[in-house]
Amino acid sequence: MSKILTVKQAAQEFFGGTISQEMIYVLVRQKKIPHVRLGSRILLDEEVLQRWWEEELAKNRQT
(Lines give C-alpha, C1' and ligand atoms only; values in the text may rest on other atoms or scores of the structure.)
Protein backbone atom coordinates (compact mmCIF):
# COMPACT_ATOMS: atom_id res chain seq x y z
CA MET A 1 0.00 0.00 0.00
CA SER A 2 1.31 3.42 -0.90
CA LYS A 3 1.94 6.19 1.56
CA ILE A 4 -0.29 9.27 1.65
CA LEU A 5 1.66 12.51 1.96
CA THR A 6 0.74 16.02 3.00
CA VAL A 7 2.20 18.89 0.98
CA LYS A 8 4.86 19.39 3.66
CA GLN A 9 5.79 15.69 3.63
CA ALA A 10 5.90 15.61 -0.17
CA ALA A 11 8.25 18.61 -0.24
CA GLN A 12 10.53 17.11 2.39
CA GLU A 13 10.37 13.36 1.82
CA PHE A 14 9.51 12.88 -1.85
CA PHE A 15 11.28 15.87 -3.38
CA GLY A 16 14.01 16.04 -0.73
CA GLY A 17 13.56 19.77 -0.30
CA THR A 18 14.33 20.53 -3.96
CA ILE A 19 10.74 21.72 -4.52
CA SER A 20 9.16 24.00 -1.93
CA GLN A 21 5.72 23.63 -0.41
CA GLU A 22 4.74 26.84 -2.17
CA MET A 23 5.65 25.36 -5.54
CA ILE A 24 3.57 22.27 -4.79
CA TYR A 25 0.61 24.53 -3.94
CA VAL A 26 1.10 26.33 -7.27
CA LEU A 27 1.11 23.00 -9.13
CA VAL A 28 -2.03 21.93 -7.24
CA ARG A 29 -3.83 25.19 -8.13
CA GLN A 30 -2.84 24.71 -11.77
CA LYS A 31 -3.99 21.08 -11.60
CA LYS A 32 -0.58 19.94 -12.84
CA ILE A 33 0.18 17.53 -10.00
CA PRO A 34 -2.06 14.60 -8.98
CA HIS A 35 -3.70 15.25 -5.62
CA VAL A 36 -6.87 14.80 -3.58
CA ARG A 37 -8.57 17.54 -1.62
CA LEU A 38 -10.33 16.60 1.59
CA GLY A 39 -11.82 19.80 2.88
CA SER A 40 -8.91 22.18 3.16
CA ARG A 41 -6.30 19.37 3.20
CA ILE A 42 -4.33 18.47 0.11
CA LEU A 43 -3.06 14.89 0.01
CA LEU A 44 -0.72 13.21 -2.44
CA ASP A 45 -0.37 9.47 -3.00
CA GLU A 46 3.33 8.57 -3.10
CA GLU A 47 2.95 5.92 -5.85
CA VAL A 48 0.84 8.18 -8.06
CA LEU A 49 3.30 11.01 -7.44
CA GLN A 50 6.19 8.74 -8.47
CA ARG A 51 4.46 7.80 -11.74
CA TRP A 52 3.67 11.47 -12.43
CA TRP A 53 7.30 12.44 -11.75
CA GLU A 54 8.61 9.74 -14.11
CA GLU A 55 6.22 10.93 -16.85
CA GLU A 56 7.38 14.53 -16.38
CA LEU A 57 11.01 13.44 -16.62
CA ALA A 58 10.28 11.49 -19.80
CA LYS A 59 8.54 14.54 -21.35
CA ASN A 60 11.56 16.71 -20.58
CA ARG A 61 13.95 14.20 -22.11
CA GLN A 62 11.99 14.28 -25.39
CA THR A 63 12.39 18.02 -25.85
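The values are calculated or read from the model by the stated rules, or taken from the named source; none is laboratory data. Keep in mind that what you see is a predicted model, and the values were worked out from it rather than measured. Backbone-built Cβ (ideal geometry, glycine too); neighbour counts: all protein chains shown. Heads up: the accessible areas ignore ligands, DNA and RNA and are worked out on the full protein's heavy atoms, side chains in. Shrake-Rupley method; radii C 1.70, N 1.55, O 1.52, S 1.80 Å.
Laid out as a table, the results:
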quantity: Total residues in the range 27-53, condition part of a helix (DSSP H, G or I) and either touching a helix residue (DSSP H, G or I) at 6+ places or on another chain (Cβ under 9 Å) or open to solvent by 100 Å² or more (accessible area, probe 1.4 Å) (or both); calculated: 7
quantity: Pairs, first over 11 Å from Phe14 (Cβ atoms) and without any contact (Cβ under 8 Å) to a residue 40 or more places away in the chain in the range 43-63, second assigned to a helix (DSSP H, G or I) and of a type outside the set (Lys, Arg), C-beta under 9 Å, six or more apart; calculated: Leu43/Val7
quantity: Residues located in the range 14-26, provided they are open to solvent by 100 Å² or more (accessible area, probe 1.4 Å) and either of a type in the set (Asp, Glu) or within 9 Å of the chain's Cα centre (by Cα) (or both); calculated: Glu22
quantity: Single unsatisfied condition, Thr63 versus (1) of a type in the set (Ser, Thr, Tyr); (2) open to solvent by 70 Å² or more (accessible area, probe 1.4 Å); (3) at pLDDT 95 or above; calculated: (3)
